[in-house]
């Protein structure tokens, strides 16, 4: 991946995507007070209707609100003010402290759960005594005493343990909207009020035990929900923990001092002692050592790095001390980019998520109406106000969208975390849903099926002047073959005003000389002449260089297939996928690769627009296409596919176009990606239908009076726990399966 300091925006790099990215500015906020999926709809609709806001996405896992403005960065004070009106608290999002609010909420839930559990146990002892006394002739004064003792325990316990629900409900009502905590709070308060009225009027039955145990079970469900949602956040926080808060900076007089990473600027020299993690992204300027780069490459074997090699924050120096010239630090490092990718994975919604969100947004008004009609219906049947109110309370509690709201996000969280541990970064929340449906896989060849570092075979046939100038021109190109030539420029200056034409080559002016580097027809200056016939050298590829109208100079390269390419392609074909190669390389190299891998369908010398057209034709014929590529000419084609994958060695613009990024230099993770995505989709469907079935069965039972408030709390919490436990099965897939 290209360090952040060397990146250009997608709008600058890709004309095809510039229109979509023009004039958009991003603001990230952390939002407190989110308790249910209905909160997401309230916030996104409220902020989305503000002037100048182009797009809004709220991550339910990290509570990160991403806002993109049409013409400028959205006004921070106006956004925070709007959130306050809606009943939520917003603040600038800091990746290093993103989990602190959730950690505090988790501790508060544990304390509230402990209070509710202790209180419910003691009140239950009183209730048992009353129940047994009612059947054995207990005096009413003793029964009233037990009721008052229960009230004295329940009232302060509910006041404290119910804060997570009461405060959220109050904030929602203050913002003039409803969330799931409003009916829950109403149910608990009504149960307490009714019990207190029963106690004052010396009635035999009270429901203090039900009210407190109701809170206890609701708190258990909410705590488990929070823990499940924090799985991906914890992975991101663990990543950021690998980045050192301070580094040793080397001053101009070669003295050293400890310096916060936030103060490091590009060009600063950093000392990395043996056994210490590198704190910045940069280039080694002095020394050589072995580094543990498993975080970046996915390989457990240490790699040797020397002067001129790029290194990344979070990698561990296993050998000699190094001097590193910083290129990026803090939130601009690869670690921060990986965390951002993981965060983005939860923001885009698939079909099932959108359906669940819609159901959650309708929940609050519907449940209050159902509870009201239940109360009125029971009163009309002359069943008395007490059983009527109990039935209405049970409806308020049991009619909950928690299971429906968690049905999809919790699976996405678990599956994304499982993929991350296998070196696969998901860049779109609905990617797994789409990936599970693919039946056709289209590979680019160069850098995707082959190793990313080709070797020049005919250096001895190229003059020093041609090699130097071609290398100077190649330094401005993103093509993998050009990158193999570029190091031969050595200390020569860049050629100014170089233009790169995707799929063809680069052209520049050096004094009175026009230099071209690219395909044969591009260097000839027109497309009417046919390229030379393919050479018989197997996987050899070629670039051509031309100075003015002089004779063309050929660069020949050899590219080995990735060591696991053959096994991976065989496994994909066994799974029933149709495999194709779509490459801009010459016919001979593509044909040889296809023959070696056993791929019957391939196309060579394909221009970027033709790649898009071919993928669109496949989709028009009913195919669900996954495209895998790494080059500049693949970026637009990736967007045309149903699902797109890029290796970590791909250009930044290509990774930005891809739904999924694979860390390391292997193809095997594709199999794990497909296996987990299919498993995830199966679990999503299971959870979705279970949640829907739960509400279809539970609501009529509560309306008919077959469910007490306590049972309603058990059922509601149990439904959330069931979908959460089912989602955890997504991480039970063995690596390499």
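Observations, loosely collected:
- Of the peptides 267-275, 470-478, the order by per-residue mean of other Cβ atoms within 10 Å, starting with the highest, comes out as 470-478, 267-275.
- Residue order, fewest to most surrounding Cβ atoms within 10 angstrom, among 453, 634, 564: 453, 564, 634
- Förster radius 45 Å - calculated FRET efficiency between residue 463 and residue 54 (Cβ-Cβ, nearest 0.05): 0.25
- Simple label model, 7 Å out from Cα along Cβ direction - residue 256 to residue 76, nm: 3.6
- Prolate/oblate/rounded call for the stretch 246-331, Cα gyration tensor, a/c under 1.5 rounded: prolate
- Cα-based equivalent ellipsoid of the stretch 453-529: semi-axis lengths in Å, sorted from largest, via gyration tensor: 18, 15, 13
- Each of the peptides 105-113, 416-424, 640-648 was scored by the mean count of other Cβ atoms within 10 Å over its residues; in descending order, highest first, they stand as 640-648, 416-424, 105-113.
- Neighbour-count order for 463, 127, 571, fewest beta carbons within 10 angstrom listed first: 463, 571, 127
- Here the residues 312, 689, ranked from fewest to most Cβ neighbours within 10 Å of their Cβ, fall in the order 689, 312.
- Each peptide in 187-193, 248-254 gets a packing score, the mean of other Cβ atoms within 10 Å over its residues, and the list from highest to lowest is 187-193, 248-254.
- Efficiency of FRET from Cβ geometry, residue 173 and residue 149, R₀ 41 Å, rounded to 0.05: 0.80
The numbers here are math on the coordinates, done by the rules we state, and not lab data. Keep in mind the model is a prediction, meaning the values are calculated, not measured. Ideal geometry is used to build each Cβ from the backbone, glycine not excepted, and the neighbour counts take in all protein chains shown.
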